[in-house]
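What follows is a short report on a single structure.
Rule-based calculations on the coordinates, nothing more; no lab input. Values in this document were obtained by computation on a predicted structure and should not be read as measured data. Cβ: placed from backbone, ideal geometry, glycine included. Neighbour counts: every protein chain shown.
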Amino acid sequence: MSAITFRNTKDVYQFLENGGDAWYTPMIEEYVGMSDPEESLDITELNRWIDTESLSLQEGYEEFHDGD
C-alpha cells in the first residue's frame, strides 16, 4: 500500500470530495473530524497520521494473513 501525501488543505478536501480511496478515506475523515474546525489542518501531522495508520493496517493484515 503506497502512502498518500498531501501538500495542502485544499488537496485534503478535494480528496474527500472526490471519493478518495477505500483504505485512506476513513483515516482522513477521522483525522479531520478530530481537528478544530476553526483552525487550518496541520498537513505535516496529517501525513504522519496517514503513515502511522497505514502501517497499523498493514501489520494487522499481515497478522491475519499469516494466521491462515
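A few remarks follow.
- Count Lys and Arg as plus one, Asp and Glu as minus one, and take only other residues whose Cβ is under 12 Å from that of Thr44; the net charge is then -1.
- Neighbour-count order for Ile43, Ile28, fewest beta carbons within 10 angstrom listed first: Ile43, Ile28
- The chain: relative contact order as a whole-number percent, Cα under 8 Å and 6+ apart: 42
- Overall dimensions of the chain by Cα: Rg and Dmax, Å: 13.2, 47
- Taking 0.36 nm per residue of separation and subtracting the current Cα-Cα distance, fully stretching the chain between Glu30 and Leu16 would add 3.9 nm.
- Sum of side-chain charges, Ala22 neighbourhood, beta-carbon under 15 Å (Lys, Arg +1; Asp, Glu -1): -4
- In loop segments of segment 5-62 as defined by DSSP, the trypsin sites (Lys or Arg not before Pro) with at most 10 further C-beta atoms inside 10 Å of their C-beta are Arg7.
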